[in-house]
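Everything on this sheet refers to the single structure shown next.
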Amino acid sequence: MTVCTVIGLGEAGATYAAALVAAGHHVKGFDPVAPSAPEGVVRAATAAEAAVGADIVLVLTGAAAAPAVAAECLPVLAKGGCYADFTSSSPQVMQELGRIPSEAAFADVAILGPVPTQGVKTPLMVSGPGSAAVAALLAPLGAVVEIADGEPGAAMAHKLLRSVLMKGLASVVVEAVTAGRAAGLEGWIRDQIARQLAGDGQAVIDRFLVGTAKHAQRRSKEMQDTASYLADDLNVPAEMTTAAAAALVRMAGESAEREAALR
């Protein structure tokens, strides 16, 4: 049995705390706001009180609270313990937290999926000296835990790069479907999106990388017209389309500069 502490008992924190209790671990928790804790979690009055005596501390607060929680908890942890920060703090912040004096090993944990739907089986990427302890605790619960090379911050760097795709793609899909609905073509645009997301992903990536730069000038005008159509004719948001048009204008300019330099 491992003595675990969960700091932050919101939706994600409560999910991990409940799973750890169910797995037979002794779980302590702290959250100054959450009105309740999962059954079996021993609630403490402060973060430091919850961390004292813990073999591993899992921090699932908002990123803004991460430095204060680390400063309170890391100094009270014993040698052989692990402090695992699951917050969405930047790689630089993770590096700084990893340098706070402590006998415990620090781990930067990036959550690579939606905990509300996947629970403790949500894939994780971990970096830092405490990575093995995190994997040993959560892999038996069904989590796929990938250990990234490098010090604290490496896992979060991977997550932020993934966010460029996942959050950007989600926003583009929302904008496209919203526009399709306004135009009475939602079914058609959904089918177009599904077709693009299926098939040989690497081939699609290569096509995007080559074709976008090659045809940036023409496509920038098309996307400017598309943005006007969404905003003026359909009266729907066009932030992603407008941003794409601006990016294509930039790429077209860079391409023209390269060609001029070669002359």
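If I filter segment 189-202 for residues that are under 30 Å from residue 131 (Cβ atoms) and either at pLDDT below 95 or open to solvent by less than 60 Å² (accessible area, probe 1.4 Å) (or both), do I get at least one hit?
Of the residues in segment 189-202, the ones under 30 Å from residue 131 (Cβ atoms) are 201-202.
In the following step, the residues that additionally are either at pLDDT below 95 or open to solvent by less than 60 Å² (accessible area, probe 1.4 Å) (or both) were identified as 201-202.
Looking through segment 189-202, at least one residue is under 30 Å from residue 131 (Cβ atoms) and either at pLDDT below 95 or open to solvent by less than 60 Å² (accessible area, probe 1.4 Å) (or both).
Among the residues that make up segment 148-157, is at least one of them open to solvent by 70 Å² or more (accessible area, probe 1.4 Å) and in a helix (DSSP H, G or I)?
Taking segment 148-157 first, the residues open to solvent by 70 Å² or more (accessible area, probe 1.4 Å) are 149, 151.
Within this subset, residues satisfying the condition of being in a helix (DSSP H, G or I) are none.
Taking every residue of segment 148-157 in turn, none turns out to be open to solvent by 70 Å² or more (accessible area, probe 1.4 Å) and in a helix (DSSP H, G or I).
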Please tell me if residue 242 is open to solvent by less than 50 Å² (accessible area, probe 1.4 Å), at pLDDT 95 or above and either touching a strand residue (DSSP E or B) at 6+ places or on another chain (Cβ under 6 Å) or in a helix (DSSP H, G or I) (or both).
no
The one condition in (1) within 30 Å of residue 21 (Cβ to Cβ); (2) surrounded by 13 or more Cβ atoms within 10 Å (Cβ to Cβ); (3) touching a residue at least 40 places away in the same chain (Cβ under 8 Å) that residue 179 fails to fulfil
(1)
Would you be able to tell me the number of residues in segment 54-69 that are closer than 19 Å to residue 16 by Cα and either part of a helix (DSSP H, G or I) or open to solvent by 50 Å² or more (accessible area, probe 1.4 Å) (or both)?
5
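Looking at 206, 232, can you tell me which residue is closer than 19 Å to residue 168 by Cα, without any contact (Cβ under 8 Å) to a residue 60 or more places away in the chain and assigned to a helix (DSSP H, G or I)? Break it down stepwise before answering.
Numbers: 232 fails: closer than 19 Å to residue 168 by Cα.
Testing whether each residue is closer than 19 Å to residue 168 by Cα, without any contact (Cβ under 8 Å) to a residue 60 or more places away in the chain and assigned to a helix (DSSP H, G or I) leaves just 206.
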For segment 33-77 the number of residues that are free of Cβ contacts under 8 Å to residues at least 12 places away in the same chain and under 27 Å from residue 153 (Cβ atoms) is 2
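Only residues that are in contact with a Leu (Cβ under 7 Å, 6 or more places away or on another chain) and within 11 Å of residue 4 (Cβ to Cβ): list them for segment 27-53, please.
27, 29, 51
The values are calculated or read from the model by the stated rules, or taken from the named source; none is laboratory data. Being a predicted model, the structure only gives us computed values, none of them experimental. Here the Cβ is made from the backbone with ideal geometry for all residues, glycine too, and neighbour counts use every protein chain on show. To get the accessible areas, we keep the full protein, side chains included, count just its heavy atoms, and leave off ligands, DNA and RNA. Shrake-Rupley method; radii C 1.70, N 1.55, O 1.52, S 1.80 Å.
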